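Okay, structure first, notes after.
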Amino acid sequence: ACPLHEAEQRILGFNHAEMSAILVERWKFPQHLVESIRNHHSLEQMSDPSLLERVVFVANQVSKLIDHDEPENKISRVETIPGYIEQWLGIPIEEVPGTLDDLPSELEKAKAYLDL
C-alpha cells in the first residue's frame, strides 16, 4: 500500500479514491466508472478486475511516471504493478508513456480544459 493513501485514510477517514468515487457518483456518472475509480488502488485484492478498473489503475500509474519532469511536485510514487497487469499490457508499465505519441498534445488540451 502507498504511504500517502494510508495517511489520507488515517487523517481524513477516507482517501482520494473514495472521495473521487463519491463525487462522480453525485455527478451521476455510470456506476461502473464510479466503482473503477473507487477501486483503482485495490487491484491486488481483486481476483478479476474489469477492463475499466485496469485502465484507471494503469492511467493513474502512468500519470505518476510522466510526472518526472517536475520532481518537486511529485507526491505519490508508482505502485507495485501486479504481474497480470504487465502481462495484460504486454510491456512493462515504464514503457507505456513511450507508446503514447500524442501524449504531449493531449496533456496540453487537458491543461487548457482545466484552466477554463
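Worth pointing out:
- Here the extension length gained between D102 and Y84 equals 3.8 nm, from 0.36 nm per residue of separation less the Cα-Cα distance.
- Spin-label model, Y113 to S50: label points 7 Å out along the Cα-to-beta-carbon direction sit 2.0 nm apart.
- Stretchable slack from Q31 to N60, in nm (0.36 nm times residue separation minus alpha-carbon distance): 8.5 nm
Any read-out appearing in this document is the output of simple, stated calculations on the displayed coordinates, not a laboratory observation. All figures in this text were calculated on a predicted structure; none of them were measured in a lab. Using ideal geometry, Cβ is built from the backbone for each residue, glycine included, and neighbour counts are taken over all protein chains shown.
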